[in-house]
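This report concerns only the one structure given below.
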Amino acid sequence: MRQPGLSISLLCIGLLPLRLLAQADEATTQDATLTEITVHERRVANEHPAGTFATPVTMLRFDPDIELQSRGIAEGQADITVHGGLFENTGLKVGAVTLTDPQTGHYAAELPIDPALLSSPEVLTGIDNSLQGFNSNVATIMYAMPRVHSNGSAMLGAGSDNLSFQSLRYATVGKHGDGASLGLQLSAAMSEGDGSVPDGDHDFERYNVQMQYVGGNSQGDLIIAYQDKFYGWPGAYTGFATLPETDHTKTRLVLGNYRRESGHGWWQASAFYRGLEDDYDFDRRTQESGIPGSFEHETRVYGAGFHGQLERDSWVWNYALQLTSDELLRSTDLTNGAFESRSYATLRIVPSIDLVKRNNSLLTLRAGVAMDASSRDNNEILPLLGLSHRREFDGGSRSISLEYAGTSQLPGYTVLNSRPTGLFGGNPNLGRERADEVALLFTWIAESWRTELTAFYRRDDDLVDWTFASDAPFARQANAVDVDVAGTIISVARSWSSLDLVAAYTYLDKDADYGAATVDASFYALNFARHRVTLALRYDIAESLQLRLDNEYRQQEDNAVRASSDNALLVSAALAWQSSSKRGLGVLVSVDNLADDDYQQFPGTPAAGRQVSLSVRYDW
């Protein structure tokens, strides 16, 4: 049922950012210049996988804050979970908008953009996630679009299991007399291979065009992207290794972003179109098409957003707005729901003020509100509150924060429109999910050291999970669950002249209540690592030779369907040679799953085996 107050909510949400934008433009000065996008520290060692070309998820594989659960190679299909959340609780944001997949969060990571066109990823949680995220209860992975520079690269690679991959990127920038510049960047990548297990083959293609305008205090970007991905993996979604499953997705994306800075802040506006076609088969030996059971779907999403910061007197106003409309254009199996289109609106206003400012010490209060509206569901108003103290000293700083953040989100069409029984049983009665999180954050930076500690408690209400009875694992259904999640993450980073290290430890604990549902097992919510240790290392063996190691040790929570051990040691290693000029020829030898660990990231789904590749790259 449509909410009668939605049109009023949309009007109110639309007017405030326009007023803030007008104030920001009034404050623009002739001397304002556009600040370069901040490059966030690299917390993983390997930016290139051994099994295909790099995608945005590649650099998330060993991130201390992220547990990337993959079916086969991560670049084939991966669920992004953060702080004990589920795959649908994490959003991917580019510019001022979060790009969603209305069918299922499994495809949220289908971001068809060459990572060379994006900044390093930044993981937002707590108030930052609530402020800048959209329909993502736990975390947002945020990317910016850095300046285009005249350069390029070409890469050829080959590896085990008949792997072959290639990529080409070309960028040029033209200057103008008024100081402005126009940039053009083109990118293409292809990959195919048989995979490290039978029926684990893939065939990927990705094409990007980026146009960029930079002038004084503004930057505008337009990205057109297309990606065609076919991959096979036994038991990928069902967890039954006897089923040779395949998934074929085609993703189209058009994204525009405009950023402007002034003497009193900045703002950016984005708009996007995303279309995805999906043809999933749980048994590639059969050839269904256009009938129930062939799992063919097509979705379309439009969206626009504002995000900015405005300084007024002693206050700093942070605000974000996103309007999104999606549609399930066609589906052979998602036919049991009450609707096939939905509109969303979100508004966040989070002002902050410095309460105490003296002796290199700063006490800051943040308090705000998040408002979520939908044409199909109930609306939600959520509070945000945080207090932080920062102190600077010679060679470093120390900060501590205590914050509370409320978030909400809505489930996708696979949850709402699937038939109520079978491998993927749906539930049209599920509605808005809510999360309330309290977190304590501590950061200490001194010379070449960086130490971070996060301790949090989160209450997930009506979280959508896929559940089953352990004596009938073939019959799963989407059900609401209340989960108490507590966790601690400690990370330490240290840099020397020839060595960089990032070490981290994560502890998670969950207590789930499924109410009256007759289930005793969870496929996603309770598939988590109670203990997880990561170590990233980059060591310069010689002037042009570097060793890169990403390591992860985990102790997974017990699951009745998992056929492998609950403990795992996952290692990704690479040896990189680059000409001393940092341009010219480079050679990379990569190995993923060096120990050939058989750990099943999803219960019952076979692990990817050891993969080895050699690539030659030329940069100009």
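Taking amide H as placed 1.01 Å from N in the peptide plane, residue 201 has its amide H under 5 Å from the amide H of 232, each at least 5 places away in sequence or on another chain. Binning all Cα-Cα separations of segment 245-378 at 5 Å, short to long from zero, yields these whole-percent fractions: 2, 8, 13, 13, 13, 11, 10, 8, 7, 6, 4, 3, 2, 1, 0.
I need to check one value: relative contact order of segment 527-596, counting alpha carbon pairs closer than 8 Å and at least 6 residues apart, in percent. Intermediate values should be presented prior to the final figure.
Values: 136 pairs, mean separation 19.0, N = 70.
27 percent.
The modelled label-to-label distance between residue 168 and residue 542, using points 7 Å beyond Cα along the C-beta direction, is 3.2 nm.
Go through 375-385, 557-567 and give me the packing order, highest mean Cβ count within 10 Å leading. Walk me through the numbers on the way to the answer.
Working: 375-385: 16.9, 557-567: 15.1.
The densest-packed peptide leads the list: 375-385, 557-567.
How would segment 158-294 be classified by its alpha-carbon gyration tensor: rounded, prolate or oblate, with rounded meaning a/c under 1.5 and the a/b versus b/c comparison settling the rest? Since a/c reaches 1.5 and a/b is larger than b/c, the shape of segment 158-294 is classed as prolate.
Please arrange 467, 238 by how many other C-beta atoms lie within 10 Å of their C-beta, fewest to most.
Numbers: 467 25, 238 20.
Least crowded to most crowded, the residues run 238, 467.
Magnitude of the Cβ-charge dipole of the chain, K/R +1 and D/E -1, about the Cα centre, nearest 20 debye?
Rounded to the nearest 20 debye, it is 1640 debye.
When shorter helices are ignored and each DSSP H run of at least 4 residues is given -39500 (n - 2.57), the per-residue value for the chain at 222 nm works out to -1500 deg cm²/dmol. Between residue 457 and residue 178, the FRET efficiency from the beta-carbon distance, with R0 = 51 Å, is close to 0.45.
Tell me, what is the FRET efficiency for residue 154 and residue 304 to the nearest 0.05, using R0 = 35 angstrom and their Cβ-Cβ distance as r?
With R0 = 35 Å, the Cβ-Cβ based efficiency is 0.45.
In segment 520-601, a dipole from Cβ-located charges (positive for Lys and Arg, negative for Asp and Glu) runs towards its positive end, and of 574, 528, 556 it is 574 whose Cα lies farthest in that direction.
If you bin all the Cα-Cα distances of segment 265-324 at 5 Å, starting from zero, the percentages per bin are 4, 14, 15, 10, 10, 9, 8, 8, 7, 6, 4, 3, 2, 0.
What translational D, rounded to a whole number of µm²/s, comes out for segment 89-170 from Stokes-Einstein when the hydrodynamic radius is the Kirkwood one over Cα pairs, at 37 °C and 0.692 mPa s?
On the way: Rh = 14.7 Å.
So the translational diffusion coefficient is about 223 µm²/s.
In this label model, residue 335 and residue 357 are separated by 6.4 nm, measuring between points 7 Å along each Cα→Cβ vector.
Couplings for segment 289-305, taken from phi via the Karplus curve 6.51 cos²θ - 1.76 cosθ + 1.60 with θ = phi - 60°, read 7, x, 10, x, x, 8, 6, 10, 9, 9, 10, 9, 9, 10, x, 8, x Hz in order; Gly and Pro are left as x. Straight-line reach from residue 582: taking Cα to Cα under 13 Å and skipping same-chain neighbours fewer than 8 places apart, the aspartates and glutamates in range are 543, 619.
For residue 221, neighbours were defined as the other residues whose beta-carbon sits under 12 Å from its Cβ, and their charges (Lys and Arg +1, Asp and Glu -1) total +2.
Couplings 3J(HN,Hα) of segment 168-185, computed from phi: 9, 9, 9, 9, 9, 10, x, 8, 10, x, 7, x, 7, 9, 10, x, 10, 9 Hz, in residue order, whole Hz [Karplus 6.51 cos²θ - 1.76 cosθ + 1.60, θ = phi - 60°; x for Gly and Pro]. Annotation for segment 493-557 versus segment 249-327: alpha-carbon center distance of 28 Å. In the chain, the ratio of gyration radius to Kirkwood radius, Rg to Rh, stands at 0.94 when only Cα atoms are counted. Over segment 62-120, the fraction of Cα-Cα pairs per 5 Å bin, rounded to whole percents and listed from the shortest bin up, is 4, 18, 25, 31, 19, 4, 0. The aspartates and glutamates within cross-link reach of residue 229, meaning a Cα-to-Cα straight distance under 12 Å and a gap of 8 or more places when in the same chain, are 75, 110, 192, 201, 203, 205, 247, 277, 278, 279. For segment 379-467, the equivalent ellipsoid built from the Cα gyration tensor has semi-axes of 41, 15, 9 Å, listed from largest to smallest.
Considering only alpha-carbon pairs that sit under 8 angstrom and 6 or more positions apart, the relative contact order computed for segment 137-258 is 17 percent. Close amide H pairs (under 5 Å, H built 1.01 Å from N) link residue 564 with 600, 604, residues at least 5 positions away or on another chain. With all pairs of different C-alpha atoms in the average, the Kirkwood value for the hydrodynamic radius of segment 453-507 is 14.8 Å. Among 477-490, 574-587, sorting by the average number of other beta carbon atoms lying within 10 angstrom of each residue, highest first, gives 477-490, 574-587.
Per 0.36 nm of contour for each residue apart, how much would the distance between residue 421 and residue 553 grow if the chain were fully extended, relative to their Cα-Cα spacing? Kindly include the intermediate steps, with their values, before the conclusion.
Numbers: separation 132, 0.36 × 132 = 47.52 nm, distance 3.66 nm.
Between residue 421 and residue 553, full extension yields an extra 43.9 nm.
Readers should treat all values here as calculations from the given coordinates under stated rules, not as data from a laboratory. It should be emphasised that the depicted structure is a prediction, and the values quoted were computed from it without experimental measurement. Virtual Cβ from ideal backbone geometry, glycine too; neighbours counted across all protein chains shown.
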